[in-house]
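The values are calculated or read from the model by the stated rules, or taken from the named source; none is laboratory data. Bear in mind that the values here come from a model prediction, so they are computed numbers and not experimental data. Cβ sites come from the backbone with ideal geometry, for glycine too, and all protein chains shown count toward neighbours. SASA here: full protein model, heavy atoms, side chains in, ligands and nucleic acids out. Shrake-Rupley method; radii C 1.70, N 1.55, O 1.52, S 1.80 Å.
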Amino acid sequence: MKNTARNYILIISGVLICYFLGGCQKWSETESGTIRIVTNKGGQTLGYSATSGVTIITDKGYAFKDLNKDGILDRYEDWRLPAEERAKDLASKMTVEQIAGLMLYSSHQSIPAGGRGPFAATYDGKPYNESGAKPSDLSDSQKEFLTNDNLRHVLITSVESPAVAAEWNNNAQALVEGIGLGIPINISSDPRHRIRANAEYNLGAGGTISMWPGSLGLAATFYPEIVKQFGEIASVEYRALGIATALSPQIELATDPRWNRVNGTFGEDPLLATDMARAYVDGFQTSPDSTEISDGWGYSSVNAMAKHWPGGGTGEGGRDAHFAYGKYAVYPGNNFDEHLKPFTDGAFKLEGKTGMASAIMPYYTISYEQDTVYNENVGNAYSQYIINDLLRGQYNYNGVVCTDWGITENESPDISNMMGGGRCWGVEEGYTVAERHYRIIMAGVDQFGGNNDAGPVIEAFKKGVEDHGTEYIRARFEESAVRLLMNIFRVGLFENPYLNPEISAGTVGNAEFMKAGYEAQLKSIVMLKNKDQVLPLQKELTVFIPKRITPAGRDWFGNQTPERIADPVNMDIANKYFNVTEDPEEADVALVFINSPETGRGYNGDDVKKGGNGYFPISLQYIKYSAPDARDPSIAGGDPLEPFTNRSYKGKSVTPSNETDLKMIKETVKKMNGKPVIVLANLSNPMVFSEFEKDVHAIVAHFEVQDQALLDILTGAAEPSGLLPMQMPANMKTVELQYEDVPHDMECYVDSEGNTYDFAFGLNWNGTINDSRTEKYKK
């Protein structure tokens with residue numbers, strides 16, 4: 001008892017001594033190369049670079065990074081304080097030039113950078129392959145915009161490997177840690193979990209990153225919990241790559257089936273898209289207890305930038321607003337408000353503690369005649385009504401608003417060239433680049449996507465001083481700075497932005513994550529037809545798989561692509577399931593792999609040279625289509641490059657570039673002479689099935705999955721459970737007559753078995769699926 005009492009006295013005395021001396025040391029430090037790791041007992045772990053000039057300061061026994069190197073513990077350096085308090089303190093210390101840099105979001109950066117193309121870069125003045133640089137080294141342009149433009153938000157695309165990504169992250173973070181106030185980089189990515197269709201999956205197999213179905217495929221599962229699981233796994237992989245912001249999810253309603261970004265959405269249904277949006281953002285943003293810092297945010301969190309406000313799926317005629325010919329979003333069904341639901345009822349009303357999506361991206365579109373206050377038809381990011389009044393005012397959104405990429409430069413002189421200029425829709429004339437930045441800021445936007453140059457933002461500040469005075473515009477800039485800094489503080493980057501490349505390599509694409517992604521792929525596959533229960537197939541059957549022609553064409557950036565004739569699947573994998581023959585007469589069954597019709601983007605500049613207006617239909621069928629029922633005149637129109645406003649394409653003809661897919665089906669049916677033909681359709685958009693459905697025995701639809709997942713479904717290793725996230729039209733007339741802004745308003749195709757290819761339809765081995773999912777979502 002005496003010994004115990006004495007121990008208490010010693011402990012109390014020690015505490016008192018520590019108190020009067022400013023606190024006993026509660027931290028320890030280790031080194032890993034040039035990275036030093038400080039562990040605070042009962043506090044946050046710190047990471048800093050030995051090359052950055054940052055030192056450690058202490059308070060009450062705890063360690064803190066002296067980011068601005070002034071020897072004083074500033075509030076923004078104190079990890080014990082709330083993120084908002086820290087952000088406000090830091091914003092007040094920043095110069096206008098530093099805030100302007102914070103408001104930039106870089107153009108696309110690959111690691112390492114290529115030597116050619118729109119995103120080429122140099123290393124010490126030379127292309128990468130001639131420079132002797134390491135793949136994790138920073139390019140000349142990266143050093144420039146990080147150092148001279150104070151840019152702190154970087155969009156990365158391809159990376160050589162997870163380890164290289166981690167090393168690049170460490171190099172970039174060490175550079176900025178030594179500059180000014182030591183603000184770390186917030187690295188972001190567009191969706192990067194896309195499928196490599198020909199990759200083989202086996203238990204225990206790893207990859208460069210886990211592979212999941214595309215967004216439309218995730219929607220086809222009709223399980224929000226799968227989408228949340230995806231977010232939880234993807235966020236861990238992102239953080240292992242250094243990525244702290246996801247430029248996703250794309251949650252607008254795909255109410256026009258012709259739009260070429262349908263496959264990036266959760267489909268056309270407001271309720272399903274809303275539930276999927278909520279699950280996605282919750283999965284990405286919420287850290288588990290073990291890595292949580294505060295309010296659900298932590299070291300496993302990734303900021304979700306939901307897009308595209310207030311919706312981009314209503315382009316007239318299905319055209320897309322990356323191009324001037326697709327800049328008008330129209331609402332013939334007066335259904336604007338319904339397009340807000342995935343945001344207001346989904347991304348803004350999370351089940352998790354983070355509350356709402358931390359960032360929003362408006363789309364390029366002009367929401368035509370929806371501004372009921374100022375009566376302006378301008379791009380959404382320029383619209384006082386769309387951003388300040390609606391998003392910030394009516395819906396009380398106080399997160400980051402970032403423009404889509406490249407909206408402040410002058411319009412391209414070629415209306416069909418996306419890379420030749422900016423997408424400044426509605427303000428093409430009468431504005432300088434700096435004045436466009438100013439207008440966007442005053443509309444309530446915080447950040448400029450794809451802009452590496454702080455100059456126009458600084459000029460916008462000067463314009464604000466002229467119009468409103470220094471105090472007002474300074475407060476407006478700090479308002480944006482606080483929002484942007486909050487998204488960096490909450491995920492722990494100020495404490496430790498550094499990665500262990502070995503851990504990153506072992507985390508990204510590990511076997512557990514790959515397994516979860518593969519199982520989600522299986523659940524996304526939709527069986528539409530199964531005549532005479534031809535499916536599932538027995539393994540070891542002899543099958544014929546015709547080669548597929550990929551016609552010559554142009555990619556997204558306008559570059560020509562050559563014709564290609566190749567096997568449509570990985571034949572090494574196919575041969576593990578079947579005896580594959582090149583002779584249809586030997587085959588028991590044929591498997592025909594197709595893509596939905598590809599008819600371009602609804603515009604052809606050659607037509608203008610011949611005296612036309614350039615506009616053409618976007619068709620969802622393979623055979624030639626002449627648009628007899630198209631709208632005339634168009635609802636919207638007008639561009640400085642066009643001396644007309646009627647964008648109608650009525651009576652004009654178009655044939656999909658992959659009409660060979662239909663020819664392949666017809667030829668295979670003929671060659672098989674009555675033996676079963678099974679079509680496997682990769683759907684980027686809805687399609688007209690009437691052209692071949694009655695001739696084939698089975699149809700399986702998917703939305704970007706591995707070949708092996710399809711073969712597992714075909715052979716019964718897994719049962720199909722997916723449901724259609726979109727209606728499949730009976731014909732092109734119903735496509736033309738539907739309203740761009742209204743879901744579920746097409747006549748759906750009825751097949752030879754009597755099944756209607758409507759939203760939420762799908763088959764399993766027992767027939768039409770009716771379960772809790774269809775009960776909740778089916779119309």
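Axis angle, to the nearest 10 degrees, between helix 433-442 and the longest C-alpha principal axis of the chain: 80 degrees.
Apply 1/(1 + (r/R0)^6) to the Cβ-Cβ distance of ASP632 and LYS547, taking R0 = 35 Å, and write down the FRET efficiency to the nearest 0.05. Working from the Cβ atoms, E equals 0.25. The stretch between SER294 and ASN770, if pulled fully straight at 0.36 nm per residue, gains 167.2 nm over its current Cα-Cα span. Here the Kirkwood formula puts the hydrodynamic radius of region 77-121 at 13.5 Å, using every distinct Cα pair. Summing Lys and Arg as +1 and Asp and Glu as -1 over all other residues whose Cβ lies under 9 Å from the Cβ of ALA321 gives a net charge of +1.
Sequence-ordered 3J(HN,Hα) estimates for region 344-354 from the Karplus curve with 6.51, -1.76 and 1.60 and θ = phi - 60° stand at 5, 9, x, 5, 9, 9, 7, 7, x, 6, 6 Hz, glycine and proline given as x.
Each listed q (0.15, 0.16, 0.20, 0.21 Å⁻¹) maps to a log10 I(q)/I(0) for region 77-163, found by the Debye formula over equal Cα scatterers with no solvent: -0.68, -0.73, -0.92, -0.97. The residues neighbouring ARG483, those whose beta-carbon lies less than 12 Å from its own, together hold a net charge of 0 under the Lys/Arg +1, Asp/Glu -1 convention.
Coupling constants for region 669-677 follow from the phi torsions by the Karplus curve (6.51 cos²θ - 1.76 cosθ + 1.60, θ = phi - 60°), and in residue order they are 4, 5, 5, 7, 6, x, 6, x, 10 Hz; glycine and proline get x. Between LEU73 and TYR472, the simple label model (points 7 Å from Cα in the Cβ direction) yields a spacing of 4.1 nm. Cα convex hull, region 376-426: 76 Å³ per residue, rounded to a whole number. One quarter of the surface of the convex hull around the alpha-carbon atoms of region 606-695 equals 7.7 nm², the direction-averaged projected area. Distance distribution P(r), the chain, all Cα-Cα pairs, bin width 20 angstrom from 0: 16, 47, 30, 7, 1, 0 percent. Evaluated at q = 0.19, 0.25 Å⁻¹, a Debye calculation over the C-alpha positions of region 487-529 (equal weights, vacuum) places log10 I(q)/I(0) at -0.76, -0.86. The fraction of all Cα pairs in region 335-455 landing in successive 10 Å bins from 0 to the largest distance is 13, 43, 31, 12, 1, given as whole percents. In this structure, the amide hydrogen of GLY553, modeled 1.01 Å from its nitrogen in the peptide plane, lies closer than 5 angstrom to those of THR561, counting only residues at least 5 positions away or on a different chain. Between ILE56 and ASP124, the modelled labels are 3.5 nm apart [label points 7 Å from Cα along Cα→Cβ]. The listed peptides 612-621, 175-184, 389-398, ordered by packing as a protection proxy, come out as 612-621, 175-184, 389-398 (highest mean of other Cβ atoms within 10 Å first).
Can you list the lysines whose alpha carbon sits under 23 Å from that of LYS733, skipping same-chain ones fewer than 8 residues off? Answer for LYS733, where 23 Å is the Cα cut-off: LYS624, LYS650, LYS652, LYS663, LYS694, LYS779, listed by chain and number. Percent of C-alpha pairs per 10 Å bin in region 44-102, short distances first: 21, 49, 28, 2. Against the chain, whose longest principal axis comes from its Cα atoms, helix 162-177 is set at around 40 degrees. Let me check I've understood the local charge: for ALA306, count other residues with C-beta under 11 angstrom from its C-beta, Lys and Arg +1, Asp and Glu -1. What total comes out? Taking every Cβ under 11 Å from that of ALA306, the sum is +1.
Full extension of the segment from VAL534 to GLU502, taken as 0.36 nm per residue of separation minus the current Cα-Cα distance, would add 6.7 nm. Ordering 687-694, 77-84, 498-505, 252-259 by mean Cβ neighbour count within 10 Å, with the highest value first, yields 252-259, 687-694, 498-505, 77-84.
Averaged over residues, the count of other Cβ atoms within 10 Å places the peptides 469-477, 538-546, 349-357, 29-37 in the sequence 349-357, 538-546, 469-477, 29-37, highest first. Accessible area per residue for region 267-387 is 26 Å², calculated with a 1.4 Å probe on protein heavy atoms, without ligands, DNA or RNA. Under 16 Å from a label point set 7 Å out along the Cα-to-Cβ vector of ARG196, the amide N atoms of region 123-159 belong to 158-159. Where only DSSP H runs of four or more residues are counted, the chain gives -8000 deg cm²/dmol as its mean residue ellipticity at 222 nm, each run worth -39500 (n - 2.57). Its Cα centre serving as origin, the chain has a Cβ charge dipole (Lys and Arg +1, Asp and Glu -1) of approximately 1100 debye. Under a model in which nothing but the beta-carbon of Lys, Arg (+1) and Asp, Glu (-1) is charged, region 315-370 shows a dipole of about 180 debye around its Cα centre.
All distinct Cα pairs of region 393-544 go into the 1/r average, and the inverse of that average, the Kirkwood radius, is 20.9 Å. Straight-line reach from LYS126: taking Cα to Cα under 16 Å and skipping same-chain neighbours fewer than 8 places apart, the aspartates and glutamates in range are ASP137, ASP140, GLU144. Principal-axis analysis of the Cα atoms of the chain puts helix 470-489 at an angle of about 80° to the longest axis.
Label positions at ASP695 and ASP583, each projected 7 Å from the Cα along the C-beta direction, are separated by 2.5 nm. The HN-Hα couplings worked out from phi for region 306-316 by the Karplus form 6.51 cos²θ - 1.76 cosθ + 1.60 (θ = phi - 60°) are 5, 8, 10, 5, x, x, x, x, 10, x, 4 Hz, whole numbers, x standing for Gly and Pro.
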